[in-house]
Amino acid sequence: MTGAQLKEKIMAYSKDIGIDKIGFASADPFLSLKDRLHEQQRLNYQSGFEEKDIEKRVTPAKLLPEAKTIVAIALAYPSKMKNPPKSTKGDRRGVFCRASWGEDYHRVLKDRLQKLEEYMLELVPGARCQSMVDTGELSDRAVAERAGIGWSGKNCAIITPEFGSYVYLGEMVTTISLPPDNPITEQCGTCNKCVDACPTGALVQGGQLDSNKCIAYLTQTKDFLPERYRKKLGNRLYGCDTCQQVCPENKGMDFHHQEEFEPDPDTVKPKLLPLLELSNKEFKQKYGRLAGSWRGKKPIQRNAIIALGHFKAEESIETLDQLLNNDPRPVIRGTAAWSLGQINTKRTITLLEKAKGYETEGEVLKEIENALNQIAEDQMLSSK
């Protein structure tokens with residue numbers, strides 16, 4: 001078979017196994033990406049979750065010798081939830097971003113890629129393939145852009161004409177030579193809505209992200225969240241959808257044909273207080289299938305505590321006090337102190353003063369003192 005005939009067969013099979021879009025790119029080095037990555041490193045805009053070896057990120061042949069082609073795939077996911085539960089006073093809820101609805105996309109895309117790889121090796125015995133999803137060395141976005149899946153938007157997401165940016169991406173490097181597709185021309189034009197709407201200014205400019213300021217990244221960190229970002233977090237437990245929600249290309253985009261990605265409303269928009277009582281085992285049982293569980297329960301619980309402060313949820317005072325008194329994790333104790341300070345009642349002042357008397361951890365003491373100082377400032381302002 002010719003390369004074109006092989007490509008047609010692979011494309012047809014991809015539809016049979018539920019791949020929404022497939023594209024093909026050369027395995028040549030990503031030279032322009034290399035320059036951008038070095039610039040990101042220089043500016044300290046990287047999150048630290050990326051592959052540190054830039055050569056591996058831009059040179060497919062370093063991952064698979066004699067690589068000829070990269071096959072890129074995309075699977076669409078929902079943007080709207082059916083019958084979402086409401087967050088009400090006295091019964092507040094947090095929210096997981098849309099990319100963490102349903103089954104962990106890493107597992108789903110790896111399943112599709114494995115099936116595709118097995119089929120390709122049947123067509124070309126002796127060929128070699130290497131697949132990756134998100135955590136691989138290559139840039140999913142750069143591959144998808146080159147393969148014509150979509151264009152790289154100002155929000156640093158791949159935007160497809162068919163599904164907007166609500167797609168998961170994966171790729172396979174192969175020694176099979178297949179005709180490449182043409183990239184899609186960038187279509188954001190003068191639109192700057194995502195940059196303007198970013199809650200923390202993480203989108204420095206269209207197409208350039210300071211990952212360290214990005215809420216999606218911040219929700220995954222395990223240490224104290226810098227105070228300047230806490231109120232920006234709102235009730236987000238994992239991830240952030242703002243730059244996708246404001247994108248005009250995503251208007252009306254909502255796809256529910258991938259059953260694995262269908263969300264359970266109570267799981268992805270959970271009540272905050274019960275989250276704080278989960279053991280590791282209970283957390284894994286309830287949330288382990290979500291992509292947002294990969295860092296464990298600590299970041300999610302820290303974010304839930306911040307959300308309670310955001311809501312000034314007085315019903316959480318006793319639970320937060322228990323955490324402040326008894327939790328072995330300084331980050332959780334200190335964040336509970338901050339949240340009590342945000343709620344700001346006579347009861348919270350008493351509890352914070354009491355905790356100040358016996359807390360020995362420096363960072364937690366600092367959070368308690370900051371919370372008490374903030375309350376004093378607020379009281380001064382309200383009395384003027």
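Scanning the stretch 93-123 for residues that are part of a loop (DSSP other than H, G, I, E, B) and either surrounded by fewer than 16 Cβ atoms within 10 Å (Cβ to Cβ) or aromatic (F, W, Y) (or both) yields a single hit, W101. Among (1) over 25 Å from E367 (Cα atoms); (2) surrounded by fewer than 14 Cβ atoms within 10 Å (Cβ to Cβ), there is one condition P328 misses while meeting the rest; what is its number? Evaluating P328 over (1) over 25 Å from E367 (Cα atoms); (2) surrounded by fewer than 14 Cβ atoms within 10 Å (Cβ to Cβ) leaves (1) as the failure. Here G126 fits the description: out of contact with any Phe, Trp or Tyr (no Cβ under 8 Å at 6 or more places or on another chain), in a loop (DSSP other than H, G, I, E, B) and either in the same structural domain as K34 (by TED's automatic domain parsing) or surrounded by 20 or more Cβ atoms within 10 Å (Cβ to Cβ) (or both). Within the stretch 67-83, the set of residues being in a loop (DSSP other than H, G, I, E, B) and either closer than 17 Å to Q258 by Cβ or at pLDDT 95 or above (or both) comprises A67, K68, Y77, P78, S79, K80, M81, K82. The residue that is nearest to Q322 (Cα to Cα), counting only those in the stretch 349-380 that are among the polar types (S, T, N, Q) and surrounded by 11 or more Cβ atoms within 10 Å (Cβ to Cβ), is T350.
Looking across the stretch 61-80, the residues that are out of contact with any Asp or Glu (no Cβ under 8 Å at 6 or more places or on another chain) and buried (at least 18 other Cβ atoms within 10 Å of the Cβ) come down to A67, K68, T69, Y77. Put simply, of N303, N344, N370 the only residue that is at pLDDT below 95 and either under 20 Å from R230 (Cα atoms) or outside the structural domain of G239 (by TED's automatic domain parsing) (or both) is N344. For the stretch 272-297, how many residues are surrounded by 15 or more Cβ atoms within 10 Å (Cβ to Cβ) and charged (D, E, K, R)? Final tally of qualifying residues: 3. Among all positions in the stretch 226-248, there is no residue which is modelled with pLDDT under 95 and touching a strand residue (DSSP E or B) at 6+ places or on another chain (Cβ under 8 Å). Does any residue of the stretch 183-191 turn out to be surrounded by 18 or more Cβ atoms within 10 Å (Cβ to Cβ) and either under 18 Å from A144 (Cβ atoms) or touching a residue at least 60 places away in the same chain (Cβ under 8 Å) (or both)? Yes, that holds for at least one residue. Determine whether L203 is surrounded by 15 or more Cβ atoms within 10 Å (Cβ to Cβ), closer than 18 Å to F96 by Cα and touching a residue at least 24 places away in the same chain (Cβ under 8 Å). The answer is no for L203. Of the numbered criteria (1) at pLDDT below 95; (2) closer than 25 Å to Q342 by Cα, the one K297 fails is (1). Of everything listed in (1) surrounded by fewer than 23 Cβ atoms within 10 Å (Cβ to Cβ); (2) out of contact with any strand residue (DSSP E or B) (no Cβ under 6 Å at 6 or more places or on another chain); (3) in a loop (DSSP other than H, G, I, E, B), the single unmet condition for C156 is (2). For the stretch 260-281, the tally of residues that are part of a helix (DSSP H, G or I) and either in contact with a helix residue (DSSP H, G or I) (Cβ under 9 Å, 6 or more places away or on another chain) or in contact (Cβ under 8 Å) with a residue 12 or more places away in the chain (or both) stands at 10.
The values are calculated or read from the model by the stated rules, or taken from the named source; none is laboratory data. None of these values were measured; they are calculated from a predicted model. Heads up, the Cβs are rebuilt from the backbone with ideal geometry, glycines too, and the neighbour counts pull from every protein chain shown.
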